[in-house]
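I have placed the structure first, in the form of structure tokens, so that the comments after it can refer back to it.
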């Protein structure tokens with residue numbers, strides 16, 4: 001039996017300032033995830049929503065983004081992007097082998113891209129990029 005997932009208050013706060021079309025897609029995606037039997041939930045990680053130039057620059061300096069926030073801005077700064085990661089209760093996602101992480105990201109991406117299609121919103125997934133793979137990243141095309 002599948003579990004009914006819903007966005008937690010922290011994830012909802014992290015959606016503040018994000019384009020309403022993306023939020024619509026995310027709420028459709030969480031309903032789809034609830035119908036799946038694999039138990040994979042989704043969450044918005046820290047810094048996964050809208051970012052200031054300084055916050056974006058910190059991520060750039062840490063080597064986790066190609067956008068410096070000033071010369072090259074991220075879609076996160078305009079609210080046209082959000083990061084979503086898989087969540088399975090009791091499992092530390094970041095301690096999993098990378099092949100298992102990839103598997104979970106692909107499952108999440110298939111649901112978010114499906115939700116985008118159902119909502120009529122064209123979404124680009126960072127896991128499909130050729131120059132820089134950013135599996136948590138989704139943005140308006």
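Here are the numbers:
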| read-out | value |
| --- | --- |
| For the chain, calculated [θ]222 nm from helices alone, where every DSSP H run of n ≥ 4 adds -39500 (n - 2.57) | -12500 deg cm²/dmol |
| R0 of 30 Å, Cβ-Cβ distance residue 34-residue 78: FRET efficiency to nearest 0.05 | 0.50 |
| Residue 100/residue 16 FRET efficiency (R0 35 Å; Cβ-Cβ; nearest 0.05) | 0.65 |
| Computed label-point distance, nm, for sites residue 27 and residue 91 using a 7 Å Cα→Cβ extension | 2.9 |
| Alpha-carbon centroids, the range 75-141 and the range 16-55: separation in whole Å | 9 |
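Every number in this text was worked out from the coordinates using simple rules, so none of it is lab data. Please read these numbers as outputs of a predicted model, since none were measured by experiment. Cβ atoms come from the backbone with ideal geometry, glycine included; neighbour counts cover every protein chain shown.
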